[in-house]
Every structure is written in C-alpha cells, then in structure tokens.
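Here the structure is laid out as structure tokens; the discussion comes afterwards.
The values are calculated or read from the model by the stated rules, or taken from the named source; none is laboratory data. Predicted model, so just to flag it, every value in this text is computed and none were measured. Glycine also receives a Cβ, built like all others from the backbone with ideal geometry; neighbour counts cover every protein chain displayed. The area values use the complete protein model at the heavy-atom level, side chains included, leaving out ligands, DNA and RNA. Shrake-Rupley method; radii C 1.70, N 1.55, O 1.52, S 1.80 Å.
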Amino acid sequence: MDEIGKIVLNSLLTRRSVWLPAVGTFCTEYSPARDNGDGTVTPPATRVVFTDRQEEGAVPITDLIPQEPGGDTPSVKYDRWLARATERGPVVMEGIGVVSNGVFTPYESLNNSLNPITPAGKPTRLKPVARKSSSGKGLGRTEKIWLVLIALFILILAGGWTWYTKYYDGPTDRRAHNPAISDNLDDIPEATGAVGGDEGETEEVVVVEPGAPTEPAPARPQESTSRPGAAPAGFYVVGGVFSVPENADKYIRQMSAKFPDLDYRKHYPYQGDKTVVTLFGSPDRAEANRQRRRIEDLILEFDLWLYEVR
C-alpha cells in the first residue's frame, strides 16, 4: 500500500473524513446490530461512504501528507500519485478500492480492516440454547440445580426437626450445664418456689393476680394431688422445693386453681425435712423435657428443671 492509501486508511479507521482533490470525500458510517426476526442477526458494521465532492468538515489529504525537509511539497506528492492512479481511467487506490464514474467500490481488505470481527452486513444465525422444557423428555440444567437445592433444604429441615424432637434437652436442663446438680434427689440443692430464711420460717414466692383470692378453693381434693413418699423411677419436672410443708400444700392449691391439668406430686423427705413439688413425671427423659418446655410456656416460668430418680 502506497503512502496515500495508508493516510486514507488511517483516517477511515479513526472515523475522520478525508477529501482527495479531483476524486472526492471518504468518510465512515456505523450501523448497530439488528435482529432480522428470522433467527438471524446482522452484526454491527462500519462501511465507507463516498461522495465526488468536498464535504464540510472533511480534511484535505494534502494537510495529512508529511512535509520532508528539502523534499517535494504535499501538493506535488499528491499530484504525482493522482496521475499514476488514473493511468487507466478509474482511480485505483492501493488497499482502498476503485472510484469509477463517481462510484466507489471498496476492496475486501478494507472491509476486513474496518470490521475485524464479523463481515460487514452479513447476517449471523443465532445458535439455539440446548434446553429441554418441563413438558419434554427431561429437565434442563437450571431446573435440575434448583430441584437439588430444594431437596437439600427439605432434608436439612427434616433432620433438624428430628434432632430437636429426639435429642434436644433444652437450655434450662440444669444437670446438663451445672455439675452441682445430681441425679439423686437428696443431692439437689433448694431451688425455686421458696426463699430461704431461718429454719421453719421460709417465705413462699407465688405470683397472685390482682383481685384474686389468696386462698382459692382447690380444684381437686388434696389427696389426689399430694402424693408424699418415695418417687417412682423416672424424670420429673420440678416446680419448687419448700422448707415448710404448709407452703408446699399452699403452692399446690394455688397452682391447681390456675392449672388443674398438671400432675402435682409431693416428695418427702428431701435434705432432711424439705418437700419437693413436681408438675410432671415420665420414665422417658425426652418426653419429660418436652413437657418441661410446654409447662414453662404455660405458667410463664422459665427456670424449671429435671431430676432423675433411679
């Protein structure tokens, strides 16, 4: 490619219009990609626009030809190039194209330089996505991934629920967190239900609603709710430990008036002459823990605990 052809090519690549005297003006025009609606897309393209007159804004090529010290002027160089390019009639521009009767025909090499990725103006067929719908013979990759994630989520929920119902003892099982609490009833320190003072002078702590009688009538005979003696083997939900026997009876009466469905038991003696009142008993530890949580929610006391009688 000669010097004039290089100048014209560089001008077109930089989207600059250039005017060649006695030939015309060369400029570029950009077309964005277009969806043809038939499964093909015409990619974006840059094409050369030619007119046989000088357009406004076009740079004369003589302004772009370098001036060499002691050499020919840009005008002399251009005139010599033009005479050689028009020897056979049409203007033949090396690496650019041919201008004949006011019509410019670009060379393929020029189009490739302006559109290096895809041929200019040539539609490209879209490649269909390989996917099977839910109504077909199988599922696509996305559907399979979602199904696997949903299945894992369900398995995690099911496993967590199984562990919770079978093995979770709850945060208030004091024997699991306090080594001072023993499985033996005689080793359990005095707990909730009474505030200790001098021997035989303990004050019971019982929440009574405003306006409620201090000594409500028992909901069931005391004989059926108070069962002194050694406890059968199993796990028991402790409601309170009392130094004064009358306070244990009073606690059972007051609780029975509000919550008659609980299984009240008295266990005596404990640590000498104290009485333990329990609200539920079961030979199954998990069942006792479940009932402990249920009773805590029922009576709104969250410090109940278990002990085991062997």
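Residues in the range 109-135 that are assigned to a loop (DSSP other than H, G, I, E, B), surrounded by 13 or more Cβ atoms within 10 Å (Cβ to Cβ) and modelled with pLDDT of 65 or more: 115, 118, 119, 123. Yes or no: residue 82 modelled with pLDDT of 80 or more, surrounded by 10 or more Cβ atoms within 10 Å (Cβ to Cβ) and at negative phi? Considered against the rule, which asks whether it is modelled with pLDDT of 80 or more, surrounded by 10 or more Cβ atoms within 10 Å (Cβ to Cβ) and at negative phi, residue 82 comes out as yes.
Taken over the range 91-108, the criterion of being surrounded by 14 or more Cβ atoms within 10 Å (Cβ to Cβ) and without any contact (Cβ under 8 Å) to a residue 60 or more places away in the chain is satisfied by 92, 97, 98, 106, 107. If you go through the range 32-57 and keep only what is more than 19 Å from residue 97 (Cα to Cα), assigned to a strand (DSSP E or B) and in contact (Cβ under 8 Å) with a residue 60 or more places away in the chain, you end up with 40, 41, 42. Counting only strands (runs of 3 or more DSSP E) wholly contained in the range 198-310, the ones carrying 1 or more residues that are modelled with pLDDT of 90 or more, open to solvent by less than 30 Å² (accessible area, probe 1.4 Å) and polar (S, T, N, Q) occupy 274-282. Looking across the range 9-56, the residues that are of a type in the set (Val, Ile, Thr) and either buried (at least 16 other Cβ atoms within 10 Å of the Cβ) or touching a strand residue (DSSP E or B) at 6+ places or on another chain (Cβ under 7 Å) (or both) come down to 18, 23, 25, 28, 40, 41, 42, 46, 48, 49, 51. Given the condition over 47 Å from the mean Cα position of the chain (by Cα) and on the phi > 0 side of the Ramachandran plot, answer yes or no: does some residue in the range 33-49 qualify? No, that holds for no residue.
Please verify whether residue 105 is out of contact with any Lys or Arg (no Cβ under 6 Å at 6 or more places or on another chain), part of a strand (DSSP E or B) and modelled with pLDDT of 90 or more, treating the condition exactly as stated. It is true that residue 105 is out of contact with any Lys or Arg (no Cβ under 6 Å at 6 or more places or on another chain), part of a strand (DSSP E or B) and modelled with pLDDT of 90 or more.
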